[in-house]
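In what follows, a structure is listed as structure tokens, so that the remarks can point back to it.
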Amino acid sequence: MTTEIICPGVDEYMAPFMSFFRRSEGRALAESYVSGLLMDGERKSVEPMSERVNASERSMQRLLSHVKWDEQGVLSTYQDRMLAVTSDPMGLFLIDDTGFPKKGRESVCVARQYCGATGKTDNCQIGVSVTYIGQGVAWPFGMKLFVPEAWDKGDAECIRRRIKTKMPDSVRYRPKWRIALELLDEATSRQVPHWAVVADGWYGDIPEFRQELVNRGKRYILGVYSDTQVFLESPTVEHAPPPERKRGRPRKKAKAVAVSPEPIKVAAVGAAIAEDAWERLTIRRDGRDQPLVVEAVSLRVYPAHGWRNGVVHEDVWLLVERRHLAKGEVELRYFFSNMPQAMPTLDLARLNHERYWIEHGYQQLKEELGLDHHEGRSWLGWHRHVLLTFLAYGYLTLIRLEQKKQQNRSIWGQWLQSRGILEKEYFS
């Protein structure tokens, strides 16, 4: 008895990807795998999925580890298809990372590190991702596995684990923000239209990351931590006279010894904001059509990092948001942005709250499609599972867009019919 796969049109959806699989076996397995991700079931690992789609567990494991197919070709085709319906000059790239909790030590790149999924330092893998938002639609553009330093030591144990998980020799430790920049560079090379980059404090508090975005000509709004220091006015730096040297090269830069005004933490800036300065802003409506209202203030500041080395930064926006918590407590959050000086606080806050799509997207990818259910241990298997999960997400997104289009047509047709317009000759 065969299992019926309830995924209407999935064969048509998968057709453009099939040329990247060398054999018919791989094409059939890829369609079965994506169908398994889309079907109901608590677990989306290979064993339970193979039962649902009436496929061999071993063959589906081979799809992730041994079957020859062009992952880059599949990814590029997926990106092209999604961009065909979401491409937007005012598009955004959202940068984030997500944790994949693990119990053992043998899965590729697993280590003790902060895991957002559990909210604590835990045994997990970390995927760095870029999400694209255009035409009001968000979808995962790309994700790469973070390599912890423990997986790049070069000792015997590290080498053993790398060989066992089939990690390429070229794959080495890089900070997460470097991986995020690589993903952005890939998007830029494909000329993906976008207006700005959005990320939380894990990335925004890294001065080098902000500077690299500026070097690439990117607009951004990035979270920063409360202890980040700024100047409220353009600083004047006093340098010590260089000491006389009889030998050696002369010092290129004089040492900074004083600055006016003194830098202060953004937390002190937030605490000094007068009550009547806060703006109540309606950002958007939530899933229950309720308005999302936030309190915010924006002002121009000068980031203070590097001033002792003679670095003086251009002014940026400091966006401060206030949230009222239980028991009368108040929480302040801080963001840097290099958006134009004329931009209103409302537009800054709206742009910042597009990060909502990150949480929504990860929730669907994990809870509905099993992004974090993969039980394999290899480098290739992890990336192939993530890519196939993206394909399943793309299928659902395109289905919903088509349903929304049909619904709009129906509403438009009912409106025309209610006014007798459809009976007129020029509509016949």
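Remarks
- Search result, residues across segment 112-144 that are over 19 Å from residue 360 (Cβ atoms) and crowded, with 19+ Cβ neighbours inside 10 Å: 115, 124, 125, 126, 144
- Some residue of segment 321-331 being over 17 Å from residue 296 (Cα atoms) and open to solvent by less than 10 Å² (accessible area, probe 1.4 Å): no
- Failed item, numbered, when residue 71 is tested on (1) of a type in the set (Asp, Glu); (2) more than 30 Å from residue 347 (Cα to Cα); (3) under 17 Å from the mean Cα position of the chain (by Cα): (3)
- Just one of the listed residues (18, 14) is in contact (Cβ under 8 Å) with a residue 40 or more places away in the chain and surrounded by 16 or more Cβ atoms within 10 Å (Cβ to Cβ), and it is 14.
- Residues in segment 360-392 that are surrounded by fewer than 19 Cβ atoms within 10 Å (Cβ to Cβ) and closer than 16 Å to residue 94 by Cβ: 360, 363, 364.
- Which numbered condition residue 385 misses (of (1) part of a helix (DSSP H, G or I); (2) at pLDDT below 95): (2)
- The criterion of at least 3 residues that are surrounded by fewer than 16 Cβ atoms within 10 Å (Cβ to Cβ) is met by the following helices (runs of 4 or more DSSP H) wholly inside segment 163-231: 176-189, 207-215.
- Of the residues making up segment 6-23, just one is under 28 Å from the mean Cα position of the chain (by Cα) and assigned to a loop (DSSP other than H, G, I, E, B), namely 7.
- Selection of segment 142-158 for residues being touching a residue at least 12 places away in the same chain (Cβ under 8 Å) and of a type in the set (A, V, I, L, M) yields 143, 145, 147, 150.
- Scanning segment 261-311 for residues that are among the charged types (D, E, K, R), open to solvent by 50 Å² or more (accessible area, probe 1.4 Å) and modelled with pLDDT of 80 or more yields 262, 265, 275, 276, 279, 280, 300.
- Any hit, segment 348-358, residues being of a type in the set (A, V, I, L, M, F, W, C) and closer than 16 Å to residue 37 by Cα: no
- Any hit, segment 304-316, residues being farther than 30 Å from residue 238 by Cβ and of a type outside the set (Gly, Ala, Ser): no
- Condition check for residue 179: under 19 Å from residue 223 (Cβ atoms) and among the aliphatic types (A, V, I, L, M): yes
The values are calculated or read from the model by the stated rules, or taken from the named source; none is laboratory data. These numbers were taken from a predicted model, which means no experiment stands behind them. Note that we place each Cβ from the backbone using ideal geometry, even for glycine, and neighbour counts take in every protein chain shown. Surface areas here come from the heavy atoms of the whole protein model, side chains and all, with no ligands, DNA or RNA. Shrake-Rupley method; radii C 1.70, N 1.55, O 1.52, S 1.80 Å.
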